[in-house]
């Protein structure tokens, strides 16, 4: 069974600080996706990483896929209150997505 | 270009009743996935369907749960004789092809009283 462990589960920091969220597994995934979910809504795709060692940037967000394609990280620089939300990583398994349990991020003004 | 549509957005049922959740995929998408989410948790895969076929139902409970994606019309997730433990958010995602990017709907929040 493929599992993804996200850490931390909860993170509350001040506006302007940097943070990193981790997504780890003992399994290899063909790709890994990061989603953001607002209360009462479905997950919205932020990025897909496919190649081991790949780094993708989306404004202040930097996503990295581990060399062995078993882990990933999301780094946010100079966090803003608008970054508050639930961040989910998901690995592409056999014809389905395997989700981590999510990181609830709160950015305090 | 409309996104994935789900209805109802909220559904309240008493124990023992049936719940029917509908999902209309994005235009041109013939692959549909259903996931369940408990509060403050990630999504858990339930079932993967293509038009008129169930491809993978390994995440769906064997009893009381069924899913279909007919040639015409939306995909339906059906839960018979609901119990309190079925209370959750149910999300549908669609994709244009196998292993394509999955786009999620807004979900149906099921509450069983």
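Counting only residues that are in contact (Cβ under 8 Å) with a residue 24 or more places away in the chain, within 13 Å of chain A (Cβ to nearest Cβ) and either part of a loop (DSSP other than H, G, I, E, B) or touching a helix residue (DSSP H, G or I) at 6+ places or on another chain (Cβ under 7 Å) (or both), how many does segment B:89-113 have?
Qualifying residue count for the region: 7.
Considering only segment B:87-103, state which residues are under 13 Å from the mean Cα position of the chain (by Cα) and within 19 Å of residue B:57 (Cβ to Cβ).
B:88, B:90, B:91, B:92, B:93, B:94, listed by residue number.
Quick check on my filter: what residues within segment A:41-95 are outside any strand (DSSP E or B), within 14 Å of chain B (Cβ to nearest Cβ) and on the phi > 0 side of the Ramachandran plot?
A:95, the sole residue that qualifies.
Which one of these does residue A:14 not meet: (1) within 14 Å of chain B (Cβ to nearest Cβ); (2) touching a residue at least 60 places away in the same chain (Cβ under 8 Å); (3) over 30 Å from residue B:7 (Cα atoms)?
(1)
Do any strands (runs of 3 or more DSSP E) entirely within segment B:1-88 hold 1 or more residues that are surrounded by fewer than 17 Cβ atoms within 10 Å (Cβ to Cβ), and if so, which?
Result: B:5-7, B:10-13, B:19-24, B:43-50, B:53-56, B:65-68, B:75-79.
Give B:81, B:50 a once-over and let me know the one that is within 14 Å of chain A (Cβ to nearest Cβ) and either more than 11 Å from the chain's Cα centre (by Cα) or at pLDDT 95 or above (or both).
That would be B:50, the only listed residue that is within 14 Å of chain A (Cβ to nearest Cβ) and either more than 11 Å from the chain's Cα centre (by Cα) or at pLDDT 95 or above (or both).
Would you please name the residue that is nearest to the chain's Cα centre (by Cα), looking only at residues in segment A:28-40 that are more than 9 Å from chain B (Cβ to nearest Cβ) and not in a loop (DSSP other than H, G, I, E, B)?
Of everything passing the filter in segment A:28-40, A:34 is nearest to the chain's Cα centre (by Cα).
The values are calculated or read from the model by the stated rules, or taken from the named source; none is laboratory data. The shown structure was predicted, so the numbers you read here are calculated from the model rather than taken from an experiment. Don't worry about glycine lacking a Cβ; one is built from the backbone with ideal geometry, like all the others, and counts go over all protein chains shown.
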